[in-house]
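Quick notes on the structure that follows.
The values are calculated or read from the model by the stated rules, or taken from the named source; none is laboratory data. Not measured: the values here are computed from a predicted model. FYI the Cβ positions are ideal-geometry reconstructions off the backbone, even for glycines, and counts take in every protein chain you see.
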């Protein structure tokens, strides 16, 4: 059940990040879910490295969404550089 919960939260975070970030980001449900999950892990890792969270403590929703938005911006930057 933990894996399904993580996937559901990742999907919600990815959808929120896509809604908040302007621009055309044509990606499917799976990429949106992965974006949210990786954004949450990125926010947790950086928050622990900066001393904002304890190691192993999940990042908050706002930090997870900010991490997903940063990944989305990076994804769009890499995608726009392609052929």
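Does residue 23 qualify as being part of a helix (DSSP H, G or I), surrounded by fewer than 18 Cβ atoms within 10 Å (Cβ to Cβ) and at pLDDT below 80? In short, no. What residue, of 34, 7, is modelled with pLDDT of 80 or more and assigned to a helix (DSSP H, G or I)? Just one listed residue meets the conditions, 34. Among residues of the stretch 48-72 that are at pLDDT 80 or above, those with a beta-carbon under 6 Å from a residue that is part of a loop (DSSP other than H, G, I, E, B) and surrounded by fewer than 19 Cβ atoms within 10 Å (Cβ to Cβ) at least six positions away or on a different chain give the pairs 69/21; 72/21.
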